[in-house]
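Accompanying notes for the structure given below.
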Amino acid sequence: MNPNTLREIWLKEEKIAHIHGWDFSHINNRYEEGNDLPWDYKTIILKYLKYDMKILDYDTGGGEFLLSLNHSHEHTAATEGFSPNVALCKDILLPLGIDFKECSDASNIPFPNESFDIILNRHGDFNAKEIYRLLKKGGLFITQQVGEDNDRELVEMVLPNIPKPFPHMNLNEQVDLFRKCGFDILEQNEAFKPIRFYDVGAFVWFARIIEWEFPNFSVNNCFERLLKMHEEIVKHNYIEGTTHRYMIVARKP
């Protein structure tokens, strides 16, 4: 396939790159990432969660994961700050009786002190001091996070020497931070797993969605490097990077 044809295909992927909630089905079977983490986030939550606990899911996305917990709606609250997802949450969560509030400032969450038994945060922003304020005594913060080294090999392929978007997001530094804020750490873990793309178009769509990891990425800006990616896929059937995840369960004494 000649470069001009490839450019056209990739530009189409760039143009349609958008998601509702956190839905990557557009590139199903065209990429895969390690889902075999040494923990299961949902299982960890359900181990601690009791039916009468008040919970908050901060940065809930479209609320998909929160709803999968099947927790009592009257004891459930959620926030989201990304505009398309805010509209989705208003349409889906509010009619169910879930206390949803728009919020994009993790240091100023619009709920009173000691409101919650459990605060959840999956791949979102957080502020340890604000979490401490919102938790009841004995309350838990349960989080799974994307680490600072996520997808770095892939970033370097198209945007060499770009700084990490979220330095210090690693298990050791974050555990230290929570301890300094007064928390006890009940559980912690960290994992690095492969992520593979089987065609460059899927990568283009992904890079446009994950724009904070790939700032100023575009097909035209990175075309020569995308051609090298394509050559690598023709040779080896895929390109590969590494995902970075960590999890923490912290308790307010």
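A few notes on this one:
- Under the Karplus curve 6.51 cos²θ - 1.76 cosθ + 1.60, θ = phi - 60°, whole-Hz ³J(HN,Hα) for region 36-50, x wherever Gly or Pro sits: 8, 5, x, 9, 10, 4, 5, 4, 4, 4, 5, 5, 9, 6, 10
- Bridgeable aspartates and glutamates around Lys193 (alpha carbons under 16 Å apart, same-chain partners fewer than 8 residues away excluded): Glu32, Glu33, Asp36, Asp40, Glu148, Asp149, Asp151, Glu153, Glu240.
- Estimated FRET transfer efficiency (Phe24, Tyr48; beta-carbon r; R0 25 Å; 0.05): 0.35
- Projected label distance in nm at Glu32 and Glu224, using a 7 Å step from Cα toward the beta-carbon: 3.5 nm
- With a Förster radius of 30 Å applied to the C-beta separation of Val234 and Lys15, the computed FRET efficiency comes to 0.80.
- Neighbour net charge for Asp59 - beta-carbon separation under 10 angstrom, K R +1, D E -1: -2
- Additional length obtainable on full extension of the chain from Asn70 to Leu186, 0.36 nm per residue less Cα span: 39.4 nm
- Residue of Asp36, Asp59, Asp125 that the Gaussian network model of the chain assigns the largest fluctuation, springs spanning Cα pairs under 10 Å: Asp36
- Rounded tilt (10° steps) of 223-236 against the dominant C-alpha axis of the chain: 90 degrees
- In straight-distance terms, cross-link reach from Lys252 covers every one of the aspartates and glutamates whose alpha-carbon lies under 16 Å from its own, apart from those fewer than eight places away in the same chain; here that gives Glu114, Asp117, Glu130, Asp176, Asp184, Glu187.
- Spacing of the two label points (7 Å from each Cα toward its C-beta) at Asp125 and Arg179, in nm: 2.8 nm
- Over region 3-251, Cα pairs under 8 Å with separation of 6+ residues give a relative contact order of 24 percent.
- Principal-axis tilt of helix 200-209 within the chain, Cα atoms, nearest 10 degrees: 40 degrees
- Shown for Cys222, Cys181: other C-beta atoms within 10 Å of each C-beta, ranked fewest to most, produce the order Cys181, Cys222.
- Rounded, prolate or oblate (a/c below 1.5 giving rounded, otherwise prolate when a/b exceeds b/c) for region 1-119 by Cα gyration tensor: prolate
- Lys pairs, region 1-154 - Cα-Cα below 25 angstrom, 8 or more residues apart or on other chains: 24
- Residue (of Leu135, Phe82, His18) at the positive-pole extreme of the chain, dipole from beta-carbon charges: Leu135
- For His123, the residues 5 or more places off, or on other chains, whose built amide H falls under 5 Å of its own are Gln144, Gln145, Val146.
- Extents of the chain, largest first, come to 62, 39, 28 Å (Cα atoms, principal axes, whole angstrom).
A short reminder: the numbers here are calculations on the coordinates, not readings from a lab. Nothing here was measured: the structure is a model prediction, and the numbers come from that model. So basically every Cβ, Gly included, is an ideal-geometry build from the backbone, and we count neighbours across all protein chains shown.
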